[in-house]
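Structure first, commentary second.
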Amino acid sequence: MISEILGAQTGFQELESGQLFTQVDPGVYELRLGGQHYSLIVYGLPRRPWVKLIGHPDQQLTVDLPNTPTSCAPAAAYWLWLDDAYRWIEQTPIYVTSSEENTPSPMKVSLPVKRPAKSEHLSAIVTHFEYQGAIKVNYVERLALPLPEAHKK
């Protein structure tokens with residue numbers, strides 16, 4: 001799926017790739033870090049979008065949080081503000097609740113009306129994670145959004 005060589009570093013390392021434009025097949029994948037081998041169970045990318053932009057001209061976001069087992073942290077949604085070089089400025093929660101098992105309807109959310117100073121890009125993110133031994137597997141769906149008109153240059 002991805003083949004990269006990371007420099008030796010203690011603690012946290014993250015690999016983000018633009019190579020995942022196709023559906024990831026569920027299965028067992030091997031992660032090799034240094035001399036260690038880890039088998040990771042990947043259940044694949046979402047079958048339905050977790051975050052989607054709808055409506056014109058009053059654009060709204062629909063957020064459809066994935067169901068997570070009760071023993072895991074629930075999925076969460078965030079606004080992510082970035083500067084002109086795509087550096088992180090601020091991340092704030094989008095307040096939605098996980099859908100019930102029998103009611104998979106997404107929640108509608110209005111786009112923010114204000115933006116932080118120096119922000120040039122906005123994304124909506126839905127994420128959830130699980131631990132498989134010492135490895136944290138984080139599933140993220142990110143959608144770039146139009147900036148609020150109120151403070152555009």
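General remarks:
- Looking only at residues of the stretch 69-89 that are assigned to a strand (DSSP E or B) and free of Cβ contacts under 8 Å to residues at least 60 places away in the same chain, we find that the one that is surrounded by the fewest Cβ atoms within 10 Å (Cβ to Cβ) is Trp88.
- Restricting the stretch 89-128 to residues that are within 15 Å of Ala75 (Cβ to Cβ) and hydroxyl-bearing (Ser, Thr, Tyr), the residue that is modelled with the highest pLDDT: Thr127
- Those residues of the stretch 15-32 which are aliphatic (A, V, I, L, M), open to solvent by less than 70 Å² (accessible area, probe 1.4 Å) and at pLDDT 75 or above, in sequence order: Leu31
- Of all residues making up the stretch 34-63, the number that are more than 15 Å from Ser110 (Cα to Cα) and either open to solvent by less than 70 Å² (accessible area, probe 1.4 Å) or under 12 Å from the mean Cα position of the chain (by Cα) (or both): 8
- Verdict on Pro66 being open to solvent by less than 30 Å² (accessible area, probe 1.4 Å) and either basic (Lys, Arg) or at pLDDT below 90 (or both): yes
The values are calculated or read from the model by the stated rules, or taken from the named source; none is laboratory data. Bear in mind the structure is a predicted one, so any value in this text is a computation, not a measurement. Because the Cβ atoms are built from the backbone with ideal geometry, glycine has one as well, and the counts that use them run over all protein chains shown. Only protein heavy atoms, including side chains, enter the accessible area calculation; ligands, DNA and RNA are left aside. Shrake-Rupley method; radii C 1.70, N 1.55, O 1.52, S 1.80 Å.
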